[in-house]
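This report refers to the structure that appears directly beneath it.
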Amino acid sequence: MPIEKKKDNPDTISHENFTLVGRLNATESFAEGTTQILFGHPISKLLLHTVLSPEGQGNTEVRKATEVLSMPTVAMIQLAHLVLSKAKSFEARLMNDLDDTSKRRVMDMLKNFTAASSEPTSITSKSAARPKPRAKLKDN
């Protein structure tokens, strides 16, 4: 079942596995890159940044941390797969828009990735990545 925006409520998206509310009021953040990935179970994190100065002292780029994105690790893997699948499916169109340096970087990253013919356009499975609560310790 495709994802549908409700005609009577454009703030809601419906799918057979979920209903998402608050789409129009979601916070939008901008980052130019990822400085660090803290990968583990049950939660993984991305430290995102913007570039303050392409070349600060010497040839060192000066970055400012802007966000830490924390997600259940399985959800982060689903996100990575979805991003690669979308990039692969739009590769030809993307190449027309990129400069030569960016083209080489993207081509190198996508050359060994094969998207299945029926790749999803969004993460439609239920959030199975929710970590299980840890057992509480008994008081003595």
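The values are calculated or read from the model by the stated rules, or taken from the named source; none is laboratory data. Only a predicted model underlies this, so the values are computations on that prediction, with no experimental measurement involved. Neighbour counts are summed over all protein chains in view; Cβ atoms, including those assigned to glycine, are modelled from backbone coordinates with ideal geometry. In case anyone asks, the SASA skips ligands and DNA or RNA and just uses the protein heavy atoms, side chains included. Shrake-Rupley method; radii C 1.70, N 1.55, O 1.52, S 1.80 Å.
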Quiz prompt | Condition check for Thr60: open to solvent by less than 80 Å² (accessible area, probe 1.4 Å) and among the hydroxyl-bearing types (Ser, Thr, Tyr) | solution = no
Quiz prompt | Glu119 vs. criteria at pLDDT 90 or above, within 17 Å of the chain's Cα centre (by Cα) and open to solvent by less than 90 Å² (accessible area, probe 1.4 Å) | solution = no
Practice problem: Would you mention how many residues in the stretch 63-78 are open to solvent by less than 50 Å² (accessible area, probe 1.4 Å) and more than 30 Å from Asn9 (Cβ to Cβ)? | Solution: 1
Practice problem: Report yes if some residue within the stretch 64-78 is touching a Leu at 6+ places or on another chain (Cβ under 9 Å) and charged (D, E, K, R); otherwise report no. | Solution: yes
Exercise. Kindly indicate whether Gly40 is in contact with a helix residue (DSSP H, G or I) (Cβ under 9 Å, 6 or more places away or on another chain) and either exposed (fewer than 12 other Cβ atoms within 10 Å of the Cβ) or modelled with pLDDT under 90 (or both).
Key: yes
Quiz item: Tally time: how many residues in the stretch 78-93 are closer than 15 Å to Arg105 by Cα and aliphatic (A, V, I, L, M)?
Solution: 3
Exercise. Would you check if there is a residue in the stretch 26-33 being under 30 Å from Thr114 (Cα atoms), touching a residue at least 60 places away in the same chain (Cβ under 8 Å) and exposed (fewer than 13 other Cβ atoms within 10 Å of the Cβ)?
Key: no
